[in-house]
Amino acid sequence: MKKVFLKITLGVVLVCILFVGFLYVNNDIGVASTNLEADIRSSQKIKDDWTVEGNVSGTMAAYISYPQDMSDHTFSVYVNRPGLSFGYFFRGGGSLSGVEREIVEFTVEEYKERAFISMNQ
């Protein structure tokens, strides 16, 4: 009886570990804050010679990417969902008119934080 219980318990634990591992590999439980730049470069197709600058808080991460001559830009906003998440999820990105000359505010519904994005020219 004890051997059967031990085998069942071990099987359940193994299935749980495999399930969490699968979610982690597919970024279904979020991107770690240390991996955000790599995720931005791959998902937004940012070139290696572009600068990626940003800030991360407990609930939101905002980044702007631009070449050295500041002739173009791409922004990326991630949120850290409440509940079962171990990282940040992409919420929005692209280009915003006005970023080259002024500060643009980006808000995410249901979140109280705001991201202010600017090229500071």
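Annotations
- Against the chain, whose longest principal axis comes from its Cα atoms, helix 2-25 is set at around 10 degrees.
- With the charge dipole of the chain set up from +1 on Lys and Arg Cβ and -1 on Asp and Glu Cβ about the Cα centre, the Cα lying farthest toward the positive end among the listed residues S85, T107, A62 is that of S85.
- Over the chain: helical MRE at 222 nm, DSSP H runs n ≥ 4 each giving -39500 (n - 2.57), nearest 500: -9000 deg cm²/dmol
- Database remark: amide H of R91 closer than 5 angstrom to the amide H of V77, Y78, V79 (H placed geometrically; neighbours at sequence offset of 5 or more, or on other chains; Pro and chain starts carry no H).
- Set of aspartates and glutamates with alpha-carbon distance to K47 below 18 Å, sequence-local pairs under 8 removed: E37, D39, D69, D72
- Residue-by-residue Karplus 3J(HN,Hα) for segment 77-82, coefficients 6.51, -1.76, 1.60, Hz, glycine and proline x: 10, 10, 10, 9, 5, x
- Taking the convex hull of Cα positions in the chain, its mean projected area over all directions (nm²): 9.4
- Charge dipole magnitude, Cβ of K and R +1, D and E -1 - the chain, Cα centre, debye nearest 20: 1020
Just so you know, all these numbers are worked out from the coordinates, no wet-lab data involved. Computed from a prediction, not measured in an experiment: that's the story for all the values here. Cβ sites come from the backbone with ideal geometry, for glycine too, and all protein chains shown count toward neighbours.
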